[in-house]
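Please treat every number below as a calculation from the coordinates, not as lab data. Quick caveat: nothing in here was measured; it's all calculated off a predicted structure. Neighbour counts are summed over all protein chains in view; Cβ atoms, including those assigned to glycine, are modelled from backbone coordinates with ideal geometry.
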Amino acid sequence: MAQKLNLALPPADDLFTTQEERDDAKLERVVDLPLGEVIGFPNHPFKVKMDLEMLDLVESVKQHGVLVPGIVRPKDDGYQIVAGHRRKMASELAGRGTMPVIVRNLTDDEATIIMVDSNLQRERILPSEKAFAYKMKLDAMKRQVGRHANNGVPVGHDLNGKRSREILAENSPDSNTQIQRHIRLTYLIPQLLDMVDNSVVRDKDLQQIAMRPAVELSYLAPEQQRMLLEEMAANECTPSHEQAIKMRSFSEEGRLSGDVIHSIMQEKKPNQVAQFKMPQERISKFFAPGTPAQKIEDTILKALEYYRQREYQRERNRNDAR
């Protein structure tokens, strides 16, 4: 039998370019891209907000430009940001038409891991941001397990028997347990997750839920979470850790209903202090629209103190007159 000849030709680039030119083309370099060609990362978990830090960044970009290039990857409809969403927004607000970036060829999972790692270095991160970021990175790492690395060894063997979450913790600011708790928050309905973020912001005007009860509530079905939300709105209260544990237990037993939630929320919390409540419509006429609740409370306390002093003085005057 005649032997088949292998007539496969090398790629055109290999025929018409030198090895030096091909090696040089693979080197990463900083390029200026028009902002209109730079698109966002899908389901980006980190919020780009107009806050004081953004205003400072905008002023810096106006004066010095973007000092640290972003990272993008080529896509059919432009270049997708992997790292640099805040820098892009600052460039837009500063009136710049381009942004310095490093163009890098990355798979979806590689891009996800770099996106999460670059943002986890920020000083202030909301629980919801960490929750979805850790989940995205962990899912990407799990998908990579079993794929072959550059040396031909399956990635799973490179983990040395460790679970993906343990590897994630080694390269993250949070422990394995903390990461697990944050990921549980992704099972909360948006309204409850916002209240967990409020606990970090520490605004007294916003309803808050601490991390520990929030993790327990994440095991409730979405419909049960909505029933709890209605109970919280009706009674202006949030569950303690112990109450959240009870609700989770009833839910796992298939016995958590609206009546049960109401009963649990009516239980007195440890160290609970009785509060005096007054309908807002009875006091709103004394304050300008939009007055913060804390200012209203402070003003009422000052008025009561003035009233107490005045009554004390009146009583003294009556005693002196006798």
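Just how many pairs of Lys in segment 26-106 have C-alpha atoms closer than 20 Å, counting pairs that are eight or more places apart or on different chains? Numbers along the way, then the final one.
Numbers: K26/K75; K47/K88; K49/K62; K49/K88; K62/K88; K75/K88.
The result is 6.
With a sphere of radius 12 Å drawn around the Cβ of L193, what net charge do the other residues whose Cβ falls strictly inside it have (Lys, Arg +1; Asp, Glu -1)?
Details: positive: K130, R184; negative: E129, D194, D197.
After counting each charged neighbour, the total is -1.
Can you check what the net charge comes to around A244, using other residues whose Cβ is under 10 Å from the Cβ of A244 (Lys, Arg +1; Asp, Glu -1)? Don't skip to the answer; put the middle values down first.
Working: positive: R212, K246, R248; negative: E216, E242.
Summing Lys/Arg as +1 and Asp/Glu as -1 gives +1.
Taken about its Cα centre, segment 188-266 carries a charge dipole of roughly 180 debye when the Cβ of each Lys and Arg holds +1 and the Cβ of each Asp and Glu holds -1. Candidate cross-link partners of K268 among the aspartates and glutamates, defined by an alpha-carbon separation under 13 Å and a same-chain spacing of 8 or more, comprise E242. Put in line by how crowded their Cβ is, counting other Cβ atoms within 10 Å and starting with the fewest, V48, V61 read V48, V61. Of all aspartates and glutamates in the structure, the ones whose alpha carbon falls short of 18 Å from that of K302, not counting any fewer than 8 places away in one chain, are E311.
Per-residue packing, averaged as other Cβ atoms within 10 Å, sorts the ranges 126-133, 65-72 into the order 126-133, 65-72, beginning with the highest.
Taking 1 over the mean of 1/r across every pair of different Cα atoms in segment 188-266, what Kirkwood radius in Å do you get? Mind dumping the intermediate values first?
On the way: mean 1/r = 0.0810 Å⁻¹.
Hydrodynamic radius (Kirkwood, Cα pairs) of segment 188-266 is 12.3 Å.
Cross-link partners among aspartates and glutamates for K295, C-alpha distance below 20 Å, same-chain residues fewer than 8 apart left out? By straight Cα distance, K295 reaches D203, D205, E236, E281, E305.
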